[in-house]
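Novice: Before we start, here is the structure in question, set down as structure tokens.
The values are calculated or read from the model by the stated rules, or taken from the named source; none is laboratory data. Please read these numbers as outputs of a predicted model, since none were measured by experiment. Cβ sites come from the backbone with ideal geometry, for glycine too, and all protein chains shown count toward neighbours.
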Amino acid sequence: MALLAAVWLVLAALGFSGRIERRHCWGAAGAAGLVAWLLLDALWQLQLGRQAVSTWSRYAGLPLEDRLLASDGEYYRLARAFGAEIDPPARVFVSSDSDFGGMRIAFHLYPHNVYWKRDDPTPPLTLMRGDYIVIMRPSSARFFRNENQLRYEDRPPIAVTAVAYDSLGGLFRVR
Amino acid sequence: MTILLLILCLTLTWWPASSWVRLLLNRDMAGYGFIVAGYGLLAGLLVTTLLMRLAAATGIDLSFAAIALMLLGLGVVGEAVNWARRQPAATPQARVKIPLSRWQRLVIGFLLLLILLRFLSLALEVVWRPVFPWDATIHWAIKAKVWLEHQTLVPFVSQEDWLAQGRSGAYTVHLAQYPETIPLLQTWAGLAVGGYHPSLINLPWLAMYAGMGMAFYGQARNAGIGAVVACAGSYLLLSMPLLNTHVALAGYADLMLGACYLAAMMALHSACTQPAQRVAQGSLALLFGAACLLIKNEGVFWFITILSGMFAAALPRRLFWPVLLGCGVLGITVLALFPQDLAIAGHSLAQLDLQYRPQAWTGIISSLLLLDSWHLLPWFALLLITGYWLNDRSGVGNLTGIGTALALALALFLTLYLGTGYAGGAIRLTAVSRTSLQLLPTVLYLCLLLYQARLTPRPAPTACPDNANPPHPRGRINGQLSPVQSP
């Protein structure tokens, strides 16, 4: 590559200087440049080929549900389980300290009417009775079973009913 | 059945818009078929989304049959107008084709094979992999999912409005105010396959890729570039790693924005350099430039660069630098007097927090020159553009339009990453390459024009008495331009 780059630069310099018929210099420089590009691109094509094999072994031939499970595993499974418990057209608030986790579970919860705000895991103060809150770990929210309350550090407690939960998160309906 | 519907979907996306592009162009121009195919495909993607908006606005349900019928009608009208305005076929002598040599055919065949291999590699990823990119799952694909579920364009409002409205039935996502073209494209593919499909909604990205490649080759040929160099240029375009990544991990808007900007700028250059095509190519430049507004909010800035290029190209040469200076002074004055909290394209000066951030240089240089996002393109561009400025401007033709537009775009790009709060996107290497994708295909086209000029023989000096009968440069016979097509 370094040699090709050097050849290319010398030919280009000669072409610009006009010491040799520029057409010939630039023809050769173009060929050297194309060969250098092809070498780099061969490595990239190899990587794309490997990726295609990996993608094929992971997704090819799978039904849609399994393909989504293979892609987004826990997030999709949780969204599917919680989504089945939500009565449309209720509003659904997703809360998580992980931007990625919150985003993925919110995405899979649509076409429910979902609210998820990046960098802000605390549900807003404008919650209404019948809204749902999805908590996804990691989260600073704590559920107090005896009081049926969700508590955040910087917000008044929220009166809720626990609808479903597992080790990754929970679904709560605002009372 | 799904495959048949997808073929129908592609045909209906492509053919009607192509018939209208054909209306604009003269079939005797070099690269005509590729320009029609490439621009037709890109225009078809845009027109389909406009028809979907029209259907929603007039209360028509969002269904494949309804949109397909509208496209069919558009195509039939386009063909009818073409037929009514048909012209006698060009005489066989009108365009002289120089046959390709054996090695040229071999090189072109090899490059086409590589392009086909790349297309297949990317197509497999698109077909198999569920939607993955951050932007797709944070806003674009969400809209498609909801619209496909409700079979209508349910409104999306900002998060603040959504909270204030209570249970109004509206939805919300991050950046709800962004244009709807990208999710509409995903919705169109979804309608063709009968509903939301996590992989096949991304098929329009393959169409963007193919459309870009064909339009690039066609316009390169139209600019007088030989078949081998034009084919090599198309291969360089279609093999750039970050561009490939945006197809394989489809769902970002930057590829479509880059494709529209490229299409507009290539047409702008043709309009500036070929008087016979001024109206047709100028119209394409304006249409695809305006299309940038429909894709992302920042498209407005790219559209302004295209308008600036058109304006600069129309100026008499002696006025260029004074007007440029005047515009610079005017720009700085407006910036100084502009209200801090007034938002344009979703951004206000207060949010942008204008100040020089030199630490962003590292990210910009890494993204463009050190990482392999673009293979060698930025290096080629540096050499060719520097050489053009410092040394040799002969044989290049009028680059005022494309040059001014790209220079302004580069200035805006550097201002964004060196002078605003978006510098973080360069420092963390999260956004600078994506924005580059919107511009670098056009930079490649400029490089190809500069390179082609280097391959053209120097014009003979006019003062030399020995050159009373200098050899004619290619394509010039008896003092008149002949439509010779270089090999």
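Novice: Among the residues of the stretch B:163-199, which ones are surrounded by fewer than 21 Cβ atoms within 10 Å (Cβ to Cβ) and outside any loop (DSSP other than H, G, I, E, B)?
Specialist: Result: B:L163, B:A164, B:Q165.
Novice: Hey, another quick one. Going through the stretch B:1-36 one residue at a time, which ones are of a type in the set (G, A, S) and not in a helix (DSSP H, G or I)?
Specialist: Correct list: B:A30, B:G31.
Novice: Among the residues of the stretch A:62-77, is any farther than 30 Å from A:P124 by Cβ, within 8 Å of chain B (Cβ to nearest Cβ) and of a type in the set (A, V, I, L, M)?
Specialist: Yes, some residue in the stretch A:62-77 is farther than 30 Å from A:P124 by Cβ, within 8 Å of chain B (Cβ to nearest Cβ) and of a type in the set (A, V, I, L, M).
Novice: Using the structure shown, decide if B:L72 is assigned to a helix (DSSP H, G or I) and surrounded by fewer than 22 Cβ atoms within 10 Å (Cβ to Cβ).
Specialist: For B:L72, the condition - assigned to a helix (DSSP H, G or I) and surrounded by fewer than 22 Cβ atoms within 10 Å (Cβ to Cβ) - is met.
Novice: Still on this model: Regarding B:Y235, is this residue facing another protein chain (nearest Cβ under 10 Å), part of a helix (DSSP H, G or I), touching a residue at least 12 places away in the same chain (Cβ under 8 Å) and crowded, with 18+ Cβ neighbours inside 10 Å?
Specialist: Answer is yes for this residue.
Novice: Ok, one more. Does A:D41 qualify as being within 36 Å of the chain's Cα centre (by Cα), surrounded by 16 or more Cβ atoms within 10 Å (Cβ to Cβ) and in a helix (DSSP H, G or I)?
Specialist: yes
Novice: While we're looking at this one, here's another question. For B:T442, indicate whether it is under 27 Å from A:A12 (Cα atoms), within 21 Å of the chain's Cα centre (by Cα), away from chain A (no Cβ under 14 Å) and at pLDDT 95 or above.
Specialist: Yes: the conditions hold for B:T442.
Novice: Being small (G, A, S), in a helix (DSSP H, G or I) and surrounded by fewer than 18 Cβ atoms within 10 Å (Cβ to Cβ) narrows it down to one of A:G73, A:G33, so name that one.
Specialist: Just one listed residue meets the conditions, A:G73.
Novice: Okay, next question. For the stretch B:400-426, name all the residues that are modelled with pLDDT under 90, within 27 Å of A:D41 (Cα to Cα) and surrounded by fewer than 19 Cβ atoms within 10 Å (Cβ to Cβ).
Specialist: None; the set is empty.
Novice: Here is a further query. Given the criteria within 14 Å of another protein chain (Cβ to nearest Cβ), closer than 20 Å to B:W128 by Cα and either in contact (Cβ under 8 Å) with a residue 60 or more places away in the chain or of a type outside the set (G, A, S) (or both), does B:P241 qualify?
Specialist: For B:P241, the condition - within 14 Å of another protein chain (Cβ to nearest Cβ), closer than 20 Å to B:W128 by Cα and either in contact (Cβ under 8 Å) with a residue 60 or more places away in the chain or of a type outside the set (G, A, S) (or both) - is met.
Novice: So, one more: For the stretch B:370-399: of the residues being within 7 Å of chain A (Cβ to nearest Cβ) and part of a helix (DSSP H, G or I), which is modelled with the highest pLDDT?
Specialist: B:F380
Novice: I've got another one for you. Can you confirm whether B:L148 is within 11 Å of another protein chain (Cβ to nearest Cβ), crowded, with 20+ Cβ neighbours inside 10 Å and more than 30 Å from A:L64 (Cβ to Cβ)?
Specialist: Judged against the criteria, B:L148 is not a match.
Novice: Is there any pair linking a residue in the stretch B:108-137 that is within 7 Å of chain A (Cβ to nearest Cβ) to one that is outside any helix (DSSP H, G or I) and surrounded by fewer than 17 Cβ atoms within 10 Å (Cβ to Cβ), with Cβ under 8 Å and at least six apart or on different chains, and which?
Specialist: The qualifying pairs are B:W128/A:A60.
Novice: Look through A:D154, A:D131 and report the one residue that is modelled with pLDDT under 90 and either within 14 Å of chain B (Cβ to nearest Cβ) or farther than 25 Å from B:P183 by Cβ (or both).
Specialist: Result: A:D154 is the single residue among A:D154, A:D131 that is modelled with pLDDT under 90 and either within 14 Å of chain B (Cβ to nearest Cβ) or farther than 25 Å from B:P183 by Cβ (or both).
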